[in-house]
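The values are calculated or read from the model by the stated rules, or taken from the named source; none is laboratory data. It should be emphasised that the depicted structure is a prediction, and the values quoted were computed from it without experimental measurement. Glycine also receives a Cβ, built like all others from the backbone with ideal geometry; neighbour counts cover every protein chain displayed.
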Amino acid sequence: MKKKKIFQVVAASAIAASSFAAVAPNNADAASTNVSKTVDAAVKQMQKAQDTYWKTGTTKKVVATSTVQKEIDKAKKVYSDAKKQVTKSGGKNKAAYLAKLTKAYKYVKNAEGYVKTVKYAQSLNTQAKSLQNLIIQNDIKTEKLNHPKFVSELAKSDQKIKAGIYGATVEKVVINTYTNPAKTIEFAIKVYNYASYAHYWIQKGDLKTAANRLKVVDAQLPKVSQTSTLGKIVHAYVDKVKAEYQSAQNFDLTIMHTNDTHANLDNIARRITAIKQVRQASENSLLLDAGDVFSGTLYFNQFHGLADLEFMELAGYDAMTFGNHEFDETTSTLSNFVKQSKFPFVSANVDFSKDANLKDYFNDNITSSPKGGEIYNGIVKEIDGEKVGIFGLTTAETASISSPGKDVTFEDYIAQSKKMVESFEKQGVNKIVALTHIGYDDGGGDNDLTLAKEVEGIDIIVGGHSHTKLDTPVVDKTGEEPTVIVSANEYSKYLGTVDVEFDANGKIISDAGKLIEIDAKDADGNYVLKDDPEAAEILNTKYKPAVDEMKQQVVAKTDVELLGGNPAARTNETNLGDLIADGMLAKAKSINPETVMAVQNGGGVRTTLNPGNITLADVFTVLPFGNTLGIMKITGAELREGLEHSVATAPEPFGGFLQVSGMKFTYDSSLPAGQRVKSVDVKGTDGSYTPLKDDQSYYVATNIFTAKGGDGYDIFNKVFQDGRLSEAGFVDWEVFKEQLESLPNKTVTQQVEGRITDLAAK
């Protein structure tokens, strides 16, 4: 209210007061005097109701509505009582008294207006804080639902306050106390919402509209506090959206990847569900396989890769490279797999030009128009207008650990990779993926870590062969640009995903990845991923029945009880442990004839087999984990340390207790751990034994679990870390099956041979 208006109101009050004095009753009339006093007291109380908040004009502090309301209630009572007394008195000044009371009631009305308006202003402030809390709690949906009504009401607030409160100074105090803070909050929320609109249009791919929203944000953001809780959130959110806008101008790519699935198809329907879910969430995606689809389960034994192929085509794989196990049945089986596929294969360091089975499908070049059923050095895929180059590599160990044949040659992987990068870059391709089956940190002479360091220009390495589980990507920063390395473990346990962001020059500026567990279950024991209906129908009608039938096939028979399980295989040498270790040694010798010993962790020998027929199902029961074969180059001293670990808790059961082949050793369980092994002798080709030499190196077969430090074998893990482990990759149950089938008449007569002796037990 302007000063002039205030003056007029005060003047009017003065005139009214003088008017009340003019009609005061004659003092001679005692009764009239009592009525007059009652009326004056009532007027005074009614004026006090106004004065209670009127002091706000000088204190600049809002008076509590409850305080004012008390005075209003008192004023109303004395007003009512005074009216009754005036009416009852019936004096000649009755009308004047009533008029005086009625005129003074405006003080009550003013006070009531104050209470109502302050509550309204408080409500606005409360709404503002509520919206602020929704932003803080990230409940943007509810905030946006309630925001429009609040904005509309806030726009009218000043007018409502001015209309509801008597006194211009009081108005200002109320506005400053409640409305202005609400406006400050609303302004910050408005900026936040404009940023969220920008986020929405970025997600929609409309960067032009997003840019316009961000212009509004840029104009208003400087007015938003950087110290308040809400202000900090708004500034942080704007920074995030701006980064998102910048990111949207770059190229995002999601690569889904599998490796070393080894014909594990029982969960394929869930894997395909996972693939579909990732595709739905990722606009730009590739699906790649890094090899070793072949060998490992009865699905391969029965269908020779064609069951896997049908599901890979159903899933929509974009490319695959060859693993060493793709050559297990020479190239005749592989060629049948290749020619029937609807996706291309990439292989830059394998030359098939002389191989009778594969030369017709081999193209010694890079193509931008890849065809299914063809092999290329590399391919170029165009995704959302961006070119992505993909080339393949296969471990040179394949020549010795599998059966590719003499006409398939393996070339130096580093040299071929450099040629591929150069060729891609000449074609204007600056986003390059190496799809490799050389092992992440394999000791066989080639691996992904070395590749990343030695070859500049590879952006992503999707790896296999070593069955490495990389929960998140590993980034090598040796060169000018980073190289992201991923690997998805084994046996279709995971679908690997990696999201990368390229800048305009093809440099990866951000990466994030994870492994999706295909067989994950919820608290109720149900699979989190549901079966893809089409895949499940194909599996259950076309492939699974034949595999279930195969499991009942008899592999061999045993005339003796084959002792395994806990505690037998975890405390002493058993005939089943001997048999399994013998099979490992025989298989390892076929790969590396210099292999002289084998060790198998007793915890992996899961059960006892009774005399009678041994079915494939029995084989799987004994060795259910699908561990693969590895060959360590280890010194005698290191092996002795491993044996000390094996018997450290004896005679207590220990899953790491080693069943052995090609050696015998004695220990004394009564001695302190680490000092128990007394003798170790190595079996020669003539059957004789010679003492283990600490300073001599030996080739020793084991499973990859033990070789990489499982059961606490740190000394074996050191061998692995030193690059002295060759991963042959043959699955343990297949190796055991071969051993059973190699026995005379396929009949087991195995007895405990005294390979492990506890001297304290004698």
Here the qualifying pairs (Cβ atoms under 9 Å; residues six or more apart or on different chains; first in segment 305-318 and over 11 Å from Ile275 (Cα atoms); second assigned to a helix (DSSP H, G or I) and among the acidic types (Asp, Glu)) come out as Gly305/Glu326
Looking at Ser466, is it touching a Ser or Thr at 6+ places or on another chain (Cβ under 8 Å), part of a loop (DSSP other than H, G, I, E, B) and either among the acidic types (Asp, Glu) or closer than 25 Å to Lys633 by Cβ (or both)?
-> yes
Tell me, yes or no, whether segment 574-591 has at least one residue that is modelled with pLDDT under 95 and in contact with a strand residue (DSSP E or B) (Cβ under 6 Å, 6 or more places away or on another chain).
-> yes
Given Gly372, Gly389, which one is in a loop (DSSP other than H, G, I, E, B), within 24 Å of Tyr317 (Cα to Cα) and either outside the structural domain of Glu310 (by TED's automatic domain parsing) or modelled with pLDDT of 95 or more (or both)?
-> Gly372
Yes or no: Ser80 touching a Pro at 6+ places or on another chain (Cβ under 7 Å) and not assigned by TED's automatic domain parsing to the domain that holds Val170?
-> no
Does Ile432 satisfy the criteria of being farther than 23 Å from Arg724 by Cα, in the same structural domain as Asn377 (by TED's automatic domain parsing) and in contact with a helix residue (DSSP H, G or I) (Cβ under 8 Å, 6 or more places away or on another chain)?
-> yes
If you go through segment 657-683, how many residues are in contact with a strand residue (DSSP E or B) (Cβ under 8 Å, 6 or more places away or on another chain) and either of a type in the set (A, V, I, L, M, F, W, C) or free of Cβ contacts under 8 Å to residues at least 12 places away in the same chain (or both)?
-> 8
In segment 248-267, anything of a type in the set (Asp, Glu) and surrounded by 19 or more Cβ atoms within 10 Å (Cβ to Cβ) is listed as Asp260
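Restricting attention to segment 184-215, which residues are among the aliphatic types (A, V, I, L, M) and surrounded by fewer than 17 Cβ atoms within 10 Å (Cβ to Cβ)?
Those that are among the aliphatic types (A, V, I, L, M) and surrounded by fewer than 17 Cβ atoms within 10 Å (Cβ to Cβ): Leu207, Ala211.
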Might you let me know whether segment 443-451 holds any residue that is in contact with a strand residue (DSSP E or B) (Cβ under 7 Å, 6 or more places away or on another chain) and at pLDDT below 95?
-> yes
Residue among Thr56, Thr67, Thr33 that is surrounded by 17 or more Cβ atoms within 10 Å (Cβ to Cβ), farther than 13 Å from Tyr105 by Cα and at pLDDT 60 or above | Thr56
Answer from Glu386, Glu397, Glu425, Glu382 - the residue that is in contact with a helix residue (DSSP H, G or I) (Cβ under 7 Å, 6 or more places away or on another chain), charged (D, E, K, R) and either crowded, with 18+ Cβ neighbours inside 10 Å or farther than 26 Å from Ile704 by Cα (or both) = Glu397
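Condition check: in the same structural domain as Glu374 (by TED's automatic domain parsing), buried (at least 22 other Cβ atoms within 10 Å of the Cβ) and closer than 16 Å to Asn259 by Cβ. Does Val346 satisfy that?
Taking the combined requirement at face value, the residue satisfies it.
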Conditions (1) free of Cβ contacts under 8 Å to residues at least 24 places away in the same chain; (2) in the same structural domain as Val735 (by TED's automatic domain parsing); (3) aliphatic (A, V, I, L, M): number failed by Leu576 = (1)
Select, from Thr621, Thr666, Thr608, the only residue that is farther than 22 Å from Gly709 by Cβ, outside the structural domain of Leu298 (by TED's automatic domain parsing), within 39 Å of the chain's Cα centre (by Cα) and not acidic (Asp, Glu).
-> Thr621
Consider only pairs whose beta carbons are under 9 Å apart and that are at least six residues apart or on different chains; among these, list those whose first residue lies in segment 263-281 and is on the phi > 0 side of the Ramachandran plot and whose second residue is part of a helix (DSSP H, G or I) and of a type outside the set (D, E, K, R).
-> Ala263/Leu298; Ala263/Tyr299; Ala263/Phe300; Ala263/Asn301; Ala263/Phe303; Ala263/Ala307
Where in segment 679-762 are there helices (runs of 4 or more DSSP H), lying fully within it, with 3 or more residues that are within 48 Å of the chain's Cα centre (by Cα), of a type outside the set (Phe, Trp, Tyr) and more than 24 Å from Leu562 (Cβ to Cβ)?
-> 714-721
Within segment 377-385, is there a residue that is within 28 Å of Ile401 (Cα to Cα) and free of Cβ contacts under 8 Å to residues at least 40 places away in the same chain?
-> no
Filter segment 299-338 down to the residues that are among the small types (Gly, Ala, Ser) and not in a loop (DSSP other than H, G, I, E, B), then identify the one that is surrounded by the fewest Cβ atoms within 10 Å (Cβ to Cβ).
-> Ser332
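This table checks each residue for (1) surrounded by fewer than 19 Cβ atoms within 10 Å (Cβ to Cβ); (2) at positive phi.
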position	(1), (2)
Ala546	yes, no
Lys557	yes, no
Glu561	yes, no
Gly565	yes, yes
Ile580	no, no
Gly583	no, no
Ala586	yes, no
Ala617	yes, no
Of all helices (runs of 4 or more DSSP H) fully inside segment 554-672, the set with 3 or more residues that are small (Gly, Ala, Ser) and under 26 Å from Lys746 (Cβ atoms) is 575-591
